[in-house]
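The values are calculated or read from the model by the stated rules, or taken from the named source; none is laboratory data. Everything quoted here is computed from the prediction, not taken from an experiment. Note: ideal-geometry Cβ built from the backbone for every residue, glycine included; neighbour counts use all protein chains shown.
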């Protein structure tokens, strides 16, 4: 049955990958890889630190181009890479949970992790690679420490699961550098709580393994990008995100979100009450039933009450589930009768929850990003891992752990899985209208193989032909007014400090750096595309000054979408006979 459930989730998610096109955030992630395929990493001028995540998948893109003969269908390929990452991480989660808490429970836990798509963007990005790498690193850690202690006197060798965990940490920190904080917390908690002599020896070896993989990752980044460019990337990205100086803004933003959604705030408070009950000894043997059904009721309330609070319903669900189970994690750590496996699950729960807080604090959109770090804690909430009875297997002297028959946690898992799945399969980021309306297949270019609404498909086709007009000379292009997807439509290489244009906010240091960049003649693009539809970033004075040196070639307008293509006045392709 578990194979059928997880297989169905994979098939549904695979079908989901072919639907919808986002010309903003997803295209922003893909533009790194697309630009490198055109020029190579060494010639890229991009200074956004998010590109370190795409560095991890760039070798796969090179293989794709070699086999495919070009970049047609690149976005669909990258979505398949995302699916592979999600399946691998969810498989690791299943293998960690199943031996202790039975296969049905492990199936639902893994399914929740698999079908959760952050921000409705099924694409490899710093968010998704960081999220799943963190999840894999933690569950691989718990996989080993859920097992019985090795026999005294046996030679200790770092097991494969801990090596894979260390490698996953390197991937997580490359994609999302602030994931280093959860790693440090994991090591501190583990040394404090897992006190057996053999555990201490393994943890020390694990520490060295993590340091080694992180050092290799840092060396790879340094060799590829150069230390000077890496520093410039951090400074430029920080100038926009205000990571260092924007805590007050984020706190006010978070407060305003919850104040404007009182129903969700009440449900979050109810989840906190559930957490207190799960972390205590009150209600006795009825505690599991009461808290399980109460949490299921909270999940239903989140789905049916008001509008989404944290951008989309699935994000709302991850936060309330994580809060509801945090008491169980503390209980697992303070219970003197708990075995090392129970404590290991308590440790990774708290580390995941802390990682969610970390991503909230460091991300520009604050609370929206809690699931990037907190997804695992939400999934583990489905398991009453601190309430398990220990039984001896008839065939083995090793203890086994099984959920009581008829547990409400299976019901909670099913409800949570359906709720998260509903959010995933009904929300398509970047679509003005539902993509199921007048669904049209894109048959050429980077978006080949994807289906979207007819207007967007026509807009992509017309703008692609306009950008690649034979009237142009040169090799470089840029976009004004924020339109990362436009870079993917041309054969020209991007000449920009960021494919997400910041120039609309003239006071922003990133905007000032962009204006200074284009003030140099060598950086001026041969082709300029201006996003002029109603949601585009307004042009700044430096933008208009740059645009004055270009002449209009073609205006493309389909429905509400509109863009204008310009060429540099001194760059005209010769007439062809």
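Residue-wise test of (1) surrounded by 23 or more Cβ atoms within 10 Å (Cβ to Cβ); (2) in contact with a strand residue (DSSP E or B) (Cβ under 9 Å, 6 or more places away or on another chain); (3) within 30 Å of residue 143 (Cα to Cα).
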residue: 2; (1), (2), (3): no, no, yes
residue: 37; (1), (2), (3): no, no, no
residue: 42; (1), (2), (3): no, no, no
residue: 63; (1), (2), (3): no, no, no
residue: 68; (1), (2), (3): no, no, no
residue: 86; (1), (2), (3): yes, no, yes
residue: 98; (1), (2), (3): no, no, yes
residue: 115; (1), (2), (3): yes, no, yes
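Conditions tested, residue by residue: (1) assigned to a helix (DSSP H, G or I); (2) under 19 Å from residue 430 (Cα atoms); (3) at pLDDT 95 or above; (4) in contact with a helix residue (DSSP H, G or I) (Cβ under 6 Å, 6 or more places away or on another chain).
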| site | (1), (2), (3), (4) |
| --- | --- |
| 67 | yes, no, yes, no |
| 88 | yes, no, yes, no |
| 107 | yes, no, yes, yes |
| 119 | yes, yes, yes, no |
| 124 | no, yes, yes, yes |
| 141 | yes, no, yes, yes |
| 147 | no, no, no, no |
| 151 | no, no, no, no |
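Would you check if there is a residue in segment 488-510 being at pLDDT 95 or above, buried (at least 18 other Cβ atoms within 10 Å of the Cβ) and part of a helix (DSSP H, G or I)? Within segment 488-510 (the criterion being at pLDDT 95 or above, buried (at least 18 other Cβ atoms within 10 Å of the Cβ) and part of a helix (DSSP H, G or I)), the answer is no, since none of the residues qualifies. Per the conditions (1) on the phi < 0 side of the Ramachandran plot; (2) modelled with pLDDT of 95 or more; (3) not in a helix (DSSP H, G or I), the sole criterion not satisfied by residue 388 is (2).
Inclusion of residue 445 among residues that are part of a loop (DSSP other than H, G, I, E, B), at pLDDT 70 or above and surrounded by 20 or more Cβ atoms within 10 Å (Cβ to Cβ) is warranted. Quick one: is residue 292 touching a helix residue (DSSP H, G or I) at 6+ places or on another chain (Cβ under 8 Å) and at pLDDT 85 or above? It is true that residue 292 is touching a helix residue (DSSP H, G or I) at 6+ places or on another chain (Cβ under 8 Å) and at pLDDT 85 or above.
Looking only at segment 42-62, residues that are over 19 Å from residue 501 (Cα atoms) and either over 23 Å from the mean Cα position of the chain (by Cα) or outside any helix (DSSP H, G or I) (or both) come to 2 in all.
Annotation note: of 471, 555, 568, 544, the sole residue that is out of contact with any strand residue (DSSP E or B) (no Cβ under 7 Å at 6 or more places or on another chain) and either over 22 Å from residue 47 (Cβ atoms) or in contact (Cβ under 8 Å) with a residue 60 or more places away in the chain (or both) is 544.
Hey, any hits in segment 196-205 for a residue that's touching a helix residue (DSSP H, G or I) at 6+ places or on another chain (Cβ under 6 Å), in a helix (DSSP H, G or I), in the same structural domain as residue 422 (by TED's automatic domain parsing) and in contact (Cβ under 8 Å) with a residue 24 or more places away in the chain? No, every residue in segment 196-205 fails to be touching a helix residue (DSSP H, G or I) at 6+ places or on another chain (Cβ under 6 Å), in a helix (DSSP H, G or I), in the same structural domain as residue 422 (by TED's automatic domain parsing) and in contact (Cβ under 8 Å) with a residue 24 or more places away in the chain. Looking at this structure, is residue 209 over 16 Å from residue 96 (Cβ atoms) and in contact (Cβ under 8 Å) with a residue 12 or more places away in the chain? Yes, satisfied. Take residue 189 and tell me if it is in a helix (DSSP H, G or I) and either over 27 Å from residue 81 (Cβ atoms) or not assigned by TED's automatic domain parsing to the domain that holds residue 17 (or both). The answer is yes for residue 189.
Check 443, 471, 524 and return the single one that is within 21 Å of residue 35 (Cβ to Cβ) and outside the structural domain of residue 42 (by TED's automatic domain parsing). After ruling out the rest, the residue left standing is 524.
Take the conditions within 22 Å of the chain's Cα centre (by Cα), surrounded by fewer than 22 Cβ atoms within 10 Å (Cβ to Cβ) and over 18 Å from residue 6 (Cα atoms) and apply them to residue 134. Does it pass? No, not satisfied.
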